[in-house]
Structures are given as C-alpha cells and as structure tokens.
1. For the range 73-90: of the residues being over 38 Å from the mean Cα position of the chain (by Cα) and not in a helix (DSSP H, G or I), which is farthest from residue 22 (Cα to Cα)?
2. Can we say residue 222 is touching a strand residue (DSSP E or B) at 6+ places or on another chain (Cβ under 8 Å) and either part of a helix (DSSP H, G or I) or buried (at least 20 other Cβ atoms within 10 Å of the Cβ) (or both)?
3. Which pairs turn up if I take residues in the range 348-377 that are of a type in the set (A, V, I, L, M, F, W, C) and look for partners that are modelled with pLDDT of 85 or more and not in a helix (DSSP H, G or I) with beta carbon separation below 6 Å, at least 6 apart in sequence or on another chain?
4. Only one of (1) farther than 30 Å from residue 450 by Cα; (2) aliphatic (A, V, I, L, M); (3) assigned to a helix (DSSP H, G or I); (4) modelled with pLDDT of 95 or more is not met by residue 420, so which one is it?
5. Answer yes if at least one residue in the range 426-438 is of a type in the set (Val, Ile, Thr), more than 25 Å from residue 327 (Cβ to Cβ) and in a helix (DSSP H, G or I), and no otherwise.
6. Taking the conditions exactly as written (farther than 27 Å from residue 400 by Cα, surrounded by 15 or more Cβ atoms within 10 Å (Cβ to Cβ), outside the structural domain of residue 291 (by TED's automatic domain parsing) and over 31 Å from the mean Cα position of the chain (by Cα)), does residue 461 satisfy them or not?
7. Select from the range 251-288 the residues that are in contact with a strand residue (DSSP E or B) (Cβ under 9 Å, 6 or more places away or on another chain), under 23 Å from residue 417 (Cα atoms) and not β-branched (Val, Ile, Thr) and write down the one among them that is surrounded by the fewest Cβ atoms within 10 Å (Cβ to Cβ).
8. When you go through 470, 465, 455 one by one, which is the residue that is assigned to a helix (DSSP H, G or I), touching a Gly at 6+ places or on another chain (Cβ under 7 Å) and modelled with pLDDT of 95 or more?
Amino acid sequence: MTDDSNAKASFTMGSVTLSMRIALAIRARTPMVVLLTQEEERAVALVAAGAAAEGREVVSWTATRSFADGGGSNAEDALLYLERKLRAGEPPVGCVIVLRDVSLSLGRKPHAAAIRALYDVAIQAERTGTVLVFLEVELGALTHVEKELEILEVPLPDFDELRMALHEEVPAAPSSQEDLLHTQQEQLVRAAAGLTQSQARRAFRRVLAANAASQPEGVAMLVEEKKRVLKTALALELLDPRVTLDAVGGMSELKRWLRERARAWSEEARKFSLPPPRGLFLVGVQGCGKSLAAKATAAHFGLPLLRLDFAALFSGDRRTEGSLRAAMRVSEALAPAVLWIDEIEKGFAGGDGRDPVAARALGAFVTWLQEKAAPVFVVATANDVRTLPPELLRKGRFDEIFFVDIPNVDERESILKIHITRFGRNAAKLNVRGAAVRAVDFTGAELEQVVVDGLYEAFAAGRDLDKKDLEHAIARTVPLARTYDDAIKALREWGKDHTRGASEDTSLAQLFRAATDTTVNS
C-alpha cells in the first residue's frame, strides 16, 4: 500500500476546522467522504492530519498508481478489489483510503456494475470501520451514491495560510528578500486572496524572481497574475470598474434602490443589525445598459467586481459544476465583493432536469445564493429569463428583480448627453432633445452608436459634430426593437407581470410633453 501519511502542510483556522471535521468523520466510522477540491495535495495533507489525530494509516489509489499489492488502474477494478479485501478482513481494513480520479475513471454515466461496486464497498467499509475518501472536483459518477456520502468542500487558503506560504517561498528567492516581510507582506497576501495555495505560491515566486516583492509594482504584478489565473481556470474576470451611477442614463428607480444600500456594507450597518444586501437580477432588452449598471453597482458600493462568464463556463470540456463551485469560493474569499453573472440564461436555461450537469450546477448555485454568509452581492443579467427555471427567480435568491426597458424620450436625451459629453462635445449646442424625440425605440447601445456615427460623418466632412450629423445617423439606423418586434413585446409583457421597473413610470408626464416634442422635432 502507498503511504500518504507523510504529506506536509501548514494549517491555520480554516484548514484546521476541516481537518477536525475529517477526523470526526473517521471517528464516527463514516464509510464514504467526498472532498470537493481543486487542490489535491492540500486535500491529501488535510486527510493525513485528520487521520493522524485518530491514529489511522492512510493509503491511496490513483488512475496511474494502484495499490501496492494490486487493484489495477481502473476505478471499477479498484473498488471490486477493495470490497473483496474488506469482506475478508484483510488490509487495508481500518485504514483511511484516499481515492483520486474515481469519477474521471468511471465517467459521467457509469454502467450498473460500477454503481453496484460503489454500494458494495461502502457496505464493507462501514462494517469494518474503514473510511473511503474521494478527492473530486465535482461529484460526477458519485451522484449515484450521493445518499451514502458525507460531502465536504476544501476552502481556499485564508490570509494566515497565504502569509505562511509567502514566508516559505522567501528563502528560495534569488536574493533573500526578508525585508519584504516588514514592508509589503500584507499587500501581497491580500492581493493573492482568491487563489489556491499552489496558485498563490507560483504567483509569489514570480514576484520574488522579478525582485519586485518589496516594490509597489510587486502587488500590481501579483494582481495581474491573479487575473490571468482566474480567467483561464474559472472564466472569472477581476475588473476595475470606474463607472459611476451618473454615467448610466435613466434607470432612476434602480439608482434610488442602489443609493439606499450604499452604506449597507459599513460598520454602522452591522451595529444596526442590518443584513448586507444579497443581490439583484437585471433582465430586459438587449443593449439597454444592464452590463453598465452592473459595473456602476460595484463602483457605487466601492467593492471589487468579479465577472463570471457563463457562456465560457458552460462550454467546451470544462468541469462545470466544480468550476462553478470554485468561482463561488473565490468570490467569498474576496468578499465583500460584487459578483456579476452576465447572460445567466446561457448557463441555466438547461437546468430543467434534462441536462444533469446543468441541473446539478443550478442546484449548487441556488443553494449558495440562499445560504451564503459572506457579503457577496450578486448581480445577474439576462436578456430573456422566460427559459430559466422558476427556482432561480424565487424570492430570497435576489433582493429585487428589475426590468430594464427601452429608454423613454427623457432617458434617451440623458443617454445622448452622456455620450456627447464623453466625446468632448457641448451637448447644449446640438439640439439633443430633438434627436431624442426622433430616436424612437432606440436602445442605449444604439444611441451611443448614433453619436459615434455622427462623429465619423463630421470628421469625413472636415468639421465638428452638429445636430444634422445626429439626425442623419438616426435616420440610417433600424433599431433592434423594430427588427425583433414580437419577441421584445413578449419580453416586455413578461416584465410587467414579474418584475419592478428600473425606470420611473413617466407615461403621464410624457403625454403632457408630447405637444412640445412635436414642435421641437419639426
């Protein structure tokens, strides 16, 4: 048998708590434990610590390294081998057996004999006091015996563990950089939050190798490395939002709602026993500013912004459920933070049970939304939620669901002014109201393009932007609302019955202004 009991690791509060839970599972003769983790070696060390506390030996099996006295490299063969050995009372009876690659080896749809082997070995493990520990990224094949399992998640390293990892890397640096431990240590540790222990160590080594650890650029270098790792591994982007609420045209009701909650992250709010806001769902017509509002939300709250790309997460050969769980753990490690899930319907439209991967991912996500204790404010955006499962939209998942509609004439005027000013022009000289009246059914994105097209026309003519350029650009544009008229009408009807409007209802005021607008437009 291969002995993993000599695995070394330094544990602080988070890890110690988990190793104690593993020790308790061993003491309670729990036959099967699953550790959901993307850090195998750290998980093995945690198991070794828990087993050592109970005086148990640890042996292991992987798809490339079978047991010392047999078992084979196929998971089904290894399970059958274990069942026979335990039934006969032979070693590894009473051991803690770490099994890696089981779901990977059995596949997502194991045949009946493999599932039977899982049940049989669980029976013999419980009878003999043996504990099987599966290291998995996601449950995969083990969902077939989920009721027999105790499932534990390995947390990301906390600040103490990251600090210890940094200390351990310093002596190996090209020029011993002990002085950094008295200067930028805390900034480097905080910059590494959200990485696994191995990822953090590699990032620390890169900074140390560049002799940048005690320089301001060392922290920036580590943050950039973290951005690269998170985007590659988890389709998770760490953004630096610099968009204020004033840069968002319209959406007065949404802005008021956000301003009411601006201080909800403060110490005063905690003393007031005010729970931190959980999040909001923005649904509506494409191009009407949902993404911009998500960025402005993070900037308004003064929190880091994480963007989870569901289209990338649910594509290719990614292990979707495991990657989603990891992304949620990262957001908690960086809390307080805003987690922006863009176009959420691209991930969960299949969560109706027909796609088991999407269904499991949906279950994990809604449970996390409901029960998360860390102050992570979730902003989900969708162009069409009618295909989403109803449990995602149930009260308690999000604080509010806002519908972002096609802007009315006042909002169109505001949006045009924002973009004209952004490009360094004086909106007061351009009859923006007249342009807003003409641009019926234009989305915010289309209004931005009107300004850009107008600037191109003016530049080609060798002069500055004037109102005619805007009028010509409007006349040339066929808005999305006309191209997909029926689909957008249906979405707006759904929004009336199921959501709160992001914009104030100004329909009565619009009627009173209609006559004036007709004059302006003539």
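1. Result: 88.
2. no
3. 369/397; 374/335; 376/335; 376/337; 376/339; 377/277; 377/279; 377/338
4. Unmet condition: (1).
5. Taking every residue of the range 426-438 in turn, at least one turns out to be of a type in the set (Val, Ile, Thr), more than 25 Å from residue 327 (Cβ to Cβ) and in a helix (DSSP H, G or I).
6. Answer is no for this residue.
7. 253
8. 470
The values are calculated or read from the model by the stated rules, or taken from the named source; none is laboratory data. Since the structure is predicted, the reported quantities are computational estimates derived from the model, not experimental observations. Methodologically, a virtual Cβ is constructed for each residue, glycine included, from the backbone with ideal geometry; neighbour enumeration extends over all protein chains shown.
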